[in-house]
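Working notes for the structure below.
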Amino acid sequence: MLVVAALGGNALLKRGEPLTAQAQRANVKRAAAALAAIMRAGHRLVVTHGNGPQVGLLALQGASYNPDEVYPLDVLGAETEGMIGYMIEQELENALDHDRPVATLLTQVLVDHRDPAFGKPTKFVGPVYEREEAQARAKAAGWAIAADGTKWRRVVASPAPLDIPDLHVLKLLLEQGVIVICAGGGGIPVVQRDDGSLVGVEAVIDKDAASALLARKLEADALLLLTDVDGVYRDFGTQAAARLPHLTLAEAEALDVPAGSMGPKVHAGRDFALCGGIAGIGRLEDALAILSGEAGTQIKGM
């Protein structure tokens, strides 16, 4: 099977951990072990990943150097794709004893400049703050902010992904048996100008939505949306909470899930399953078991 595995933020940085290279390296090493198990089971693999904390950190670092010369989010997205992709690539090569080729591809993802998301920022980036500090930083830097649990974070526009201009390059790599790491952080957001040329825009695309689009474009057999929760729950956060091992398309559509965390994964899984593939949601360490339906939550079209 061709499997697209989307690593959530927990694969790179657990909530409350410092934004250090050491912390990210330790988490990526754990992720690589789970991904290697998929390959050893005989499957082909494409890896995507989040970048919210990292892209926000780079923006803060740039602003501390010279607030008038901060790089735009598309450039910072490309930087984080390279940084995180390098770590995943290296640790995955190590986990596979260097017997499979692995490559990181900086990936442009097309969005619509008229997308209403540009007028309503919702995507969390950067570290968490107490409300007072977040408000002070927002006022100084012109941010939009929103509550993320009990903390506050910067939010930016998150337009819907429409196409992947670099798809032909990705397919060439897959044809040669390469494990590809791509569409990191949802990909680098670009729009098409009237003359057909592409240009980056200030946004961060939702990683789950971009991963579902990628899986559909590749006609993948399975999409794994890997996080730190062991599946999708009914009545999550209550005493009546129960994990749902399987969801039909209709059940996934009707399910009431948190918009900022599990919601995007359920929606992305449903979008992919509509095309006939299997979407799995669950813990990173259960990746192979999710594929077989022994763990997590599976969404199927039939």
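The values are calculated or read from the model by the stated rules, or taken from the named source; none is laboratory data. No experiment lies behind these values; they were computed from the predicted model shown. Virtual Cβ from ideal backbone geometry, glycine too; neighbours counted across all protein chains shown. For accessibility, only protein heavy atoms count, side chains too; no ligands or nucleic acids. Shrake-Rupley method; radii C 1.70, N 1.55, O 1.52, S 1.80 Å.
Counting each DSSP H run of 4 or more residues in the chain as -39500 (n - 2.57), what helix-only mean residue ellipticity at 222 nm follows after dividing by all residues, to the nearest 500 deg cm²/dmol?
The per-residue figure over the chain is -11500 deg cm²/dmol.
Of all the options 132, 79, 93, the one that moves most in a Gaussian network model of the chain with Cα springs shorter than 10 angstrom is 132.
If R0 equals 45 Å, the separation of the Cβ atoms of residue 292 and residue 112 corresponds to a calculated FRET efficiency of about 0.75. Counting only aspartates and glutamates at least 8 places from residue 300 when in the same chain, those with an alpha carbon closer than 16 Å to its own are 219, 221, 251, 253, 271. Within the accessible surface of the chain, defined with a 1.4 Å probe on protein heavy atoms only, the carbon and sulfur portion equals 52 percent. The Cα atoms of the chain cover 50, 49, 42 Å along the three principal axes, with the biggest extent listed first.
Label separation (residue 61 vs residue 195): 3.4 nm, computed from points 7 Å beyond Cα along the C-beta direction. Taken per residue, the accessible surface of the chain reaches 47 Å², heavy atoms only and a 1.4 Å probe. Extending 7 Å from the Cα toward the beta-carbon at both residue 174 and residue 151 defines two label points whose distance is 3.6 nm. Between residue 107 and 183, 184, 188, the built amide H atoms are under 5 Å apart, and every one of these is 5 or more places off in sequence or on another chain.
Between their Cα atoms, which of 151/207; 29/139; 120/265; 14/171 are more than 28 Å away from each other?
Numbers: 151/207 22 Å; 29/139 38 Å; 120/265 20 Å; 14/171 32 Å.
Table pairs above 28 Å Cα-Cα are 29/139; 14/171.
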